[in-house]
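Encoded as structure tokens, the structure appears first; notes follow it.
The values are calculated or read from the model by the stated rules, or taken from the named source; none is laboratory data. No experiment lies behind these values; they were computed from the predicted model shown. Cβ: placed from backbone, ideal geometry, glycine included. Neighbour counts: every protein chain shown.
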Amino acid sequence: MRRRLTVSATLLALTLLLAIANTGSAADPSAGREAAARRAAQQPSAAAAAPNDLFTINDGFVTNTYFHFGNPAHGILTAETWGEGGWTDPGDGTVVPNNSQGVVRALKQSKVLRVAVRVELWGMDDPGTERVLASSSTVNSGTAASAQVRTPEVDVRTAPCLLWTRAFVTIRWTDNRLSSVSFEMPVGYFNLDAHC
């Protein structure tokens, strides 16, 4: 009886140690995505915020996940786009919108060699008046876990009242095949300047 109790206690202790070791590890399928998102957030962005921006607000955040050949076992890439509005103090203690820019980020999840991203900021006042306001350069991830790029900032005082981004993503998979996708915000976001 005493031997059985000792074996049971040892097995319980080993089970607890194994459970503690697996907490927060790759045993959680979302851990890889969270780690990639943390690494991407730590990367410096291609364009800094305007020096007079007090803060920025992200609008219209869209995330798409792409599977190589439609199968996650062959490769996974997550691409995100959003609009980033900068706000400033005009000197009277209030805050007003100052600028807006489009952002795209791609996170390599599995079986992706590299990814290239580009983004455009679009605007429209009335139906049929859609136009490109700004376009970024193309950024390649190389061996990094992600790639991110922003358009130049657009002055919201002269920008159209409805804004959205269109993202372009080119994926080189580990089997050396190439996929190109593009997507945009389904709704967009409103320019909050007083003229709108």
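Looking for something assigned by TED's automatic domain parsing to the domain that holds Ser100 and closer than 16 Å to Thr56 by Cβ - is there at least one such residue anywhere in the stretch 167-183? For the stretch 167-183, residues assigned by TED's automatic domain parsing to the domain that holds Ser100 and closer than 16 Å to Thr56 by Cβ: absent. Applying the selection to the stretch 138-196, what residues are over 18 Å from the mean Cα position of the chain (by Cα), outside any strand (DSSP E or B) and of a type in the set (Gly, Ala, Ser)? Those that are over 18 Å from the mean Cα position of the chain (by Cα), outside any strand (DSSP E or B) and of a type in the set (Gly, Ala, Ser): Ala159, Ala194.
Would you mind stating whether Pro97 is part of a loop (DSSP other than H, G, I, E, B), closer than 22 Å to Thr56 by Cα and assigned by TED's automatic domain parsing to the domain that holds His74? No: the conditions fail for Pro97. Restricting the stretch 114-149 to residues that are of a type in the set (Val, Ile, Thr) and more than 18 Å from Gly85 (Cα to Cα) leaves a set whose member that is modelled with the lowest pLDDT is Thr129.
Step by step: first the residues of the stretch 154-196, then only those that are among the β-branched types (Val, Ile, Thr), free of Cβ contacts under 8 Å to residues at least 60 places away in the same chain and closer than 18 Å to Glu84 by Cβ, then the one that is surrounded by the most Cβ atoms within 10 Å (Cβ to Cβ). Which residue is that? Ranking the candidates gives Val154 first. If you go through the stretch 102-135 and keep only what is in contact (Cβ under 8 Å) with a residue 60 or more places away in the chain, out of contact with any helix residue (DSSP H, G or I) (no Cβ under 9 Å at 6 or more places or on another chain) and buried (at least 24 other Cβ atoms within 10 Å of the Cβ), you end up with Gly102, Val103, Val104.
Residues in the stretch 78-113 that are modelled with pLDDT of 95 or more and aromatic (Phe, Trp, Tyr): Trp82 alone. Going by the structure shown, is Ser45 touching a strand residue (DSSP E or B) at 6+ places or on another chain (Cβ under 9 Å) and modelled with pLDDT of 95 or more? Answer is no for this residue.
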